[in-house]
1. Looking at 169, 206 in this structure, which one is within 23 Å of residue 58 (Cα to Cα), open to solvent by 50 Å² or more (accessible area, probe 1.4 Å) and either at pLDDT below 95 or part of a strand (DSSP E or B) (or both)?
2. Taking residue 102 as meeting all but one of (1) open to solvent by less than 40 Å² (accessible area, probe 1.4 Å); (2) at pLDDT below 85, write down the number of the exception.
3. Going by the structure shown, is residue 150 open to solvent by 70 Å² or more (accessible area, probe 1.4 Å) and either under 18 Å from the mean Cα position of the chain (by Cα) or modelled with pLDDT of 85 or more (or both)?
4. Looking at (1) surrounded by 15 or more Cβ atoms within 10 Å (Cβ to Cβ); (2) among the hydrophobic types (A, V, I, L, M, F, W, C); (3) at pLDDT 90 or above, which is the one condition that is false for residue 132?
5. Please determine whether any residue of segment 49-69 is under 30 Å from residue 98 (Cβ atoms), modelled with pLDDT under 70, in contact with a strand residue (DSSP E or B) (Cβ under 7 Å, 6 or more places away or on another chain) and open to solvent by less than 60 Å² (accessible area, probe 1.4 Å).
6. Does residue 111 satisfy being farther than 25 Å from residue 79 by Cα and either open to solvent by less than 10 Å² (accessible area, probe 1.4 Å) or within 15 Å of the chain's Cα centre (by Cα) (or both)?
7. Give the residue that is farthest from residue 142 (Cα to Cα), with candidates limited to residues of segment 65-118 that are free of Cβ contacts under 8 Å to residues at least 12 places away in the same chain and outside any strand (DSSP E or B).
8. For segment 184-201: of the residues being closer than 26 Å to residue 103 by Cα and modelled with pLDDT under 80, which is surrounded by the most Cβ atoms within 10 Å (Cβ to Cβ)?
Amino acid sequence: MHWAVFAQPDADFYKSTARQPTSGVGFRVGLNYSKPAVTSAVVVASPSTATSYLGGVEPQFGYYIGAYLYHDLRPNQFTFRLDATVQAQVARAAYNGKTVANPSYYYLGMTPLVGLHLTNNLTIYTGPEVNLQVARRGSWGKGYPLEVGVNMRFTYSFGRFGAEVGYFRGFTKIDRFELYNLPGGPAINDIYNQNMQAGILYKLGR
């Protein structure tokens with residue numbers, strides 16, 4: 001009796017189990033905690049006296065809701081994400097404990113992000129953010145329609161869901177608060193947005 005042994009050159013069970021690049025859509029919602037950064041210039045003579053603090057401007061909670069597209073540039077290493085977000089940024093100005101202004105700014109924004117996978121579940125994202133101011137309420141001045149800044153986010157995924165925290169800093173001013181009845185002369189206060197974000201995500205088709 002003769003036995004023959006044949007080798008299988010391409011065994012299915014030797015195929016790589018690495019996750020293939022995927023694309024999909026997700027949704028995100030959460031709160032932001034806006035803490036305006038203010039540059040105050042008291043115009044007495046040229047050059048003006050500038051500070052980085054304006055008393056009475058307090059941080060407030062707002063919200064955001066949005067959707068995003070994602071694509072794995074390299075499985076388990078790099079991911080590209082494009083966010084579209086509607087958000088409300090809120091601040092409060094008080095004098096002697098009384099509210100003198102409670103402005104709200106509403107934006108429609110786009111944020112392209114590149115993510116680095118730190119672990120299987122934890123990813124850090126960073127990228128620029130451009131926001132168009134579509135509405136405002138109780139603002140100090142006329143406001144500025146376009147905001148440009150940078151964003152950093154940490155995302156922890158568990159299945160289709162995820163938890164995310166982030167920080168945004170705007171480089172362009174969102175409003176200007178002017179006072180003309182000060183003893184030292186007019187004061188010009190340029191207001192820049194910065195906020196912390198915390199929320200949840202949900203992925204489709206992962």
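The values are calculated or read from the model by the stated rules, or taken from the named source; none is laboratory data. Just so it is clear, the structure is predicted and the values come from calculations on it, not from any experiment. Cβ: placed from backbone, ideal geometry, glycine included. Neighbour counts: every protein chain shown. Surface accessibility is based on the protein's heavy atoms, side chains included, excluding ligands, DNA and RNA. Shrake-Rupley method; radii C 1.70, N 1.55, O 1.52, S 1.80 Å.
1. 169
2. (1)
3. In short, no.
4. So residue 132 meets the others, but not (1).
5. Looking for residues that are under 30 Å from residue 98 (Cβ atoms), modelled with pLDDT under 70, in contact with a strand residue (DSSP E or B) (Cβ under 7 Å, 6 or more places away or on another chain) and open to solvent by less than 60 Å² (accessible area, probe 1.4 Å), one finds at least one in segment 49-69, hence yes.
6. Answer is no for this residue.
7. 118
8. 189
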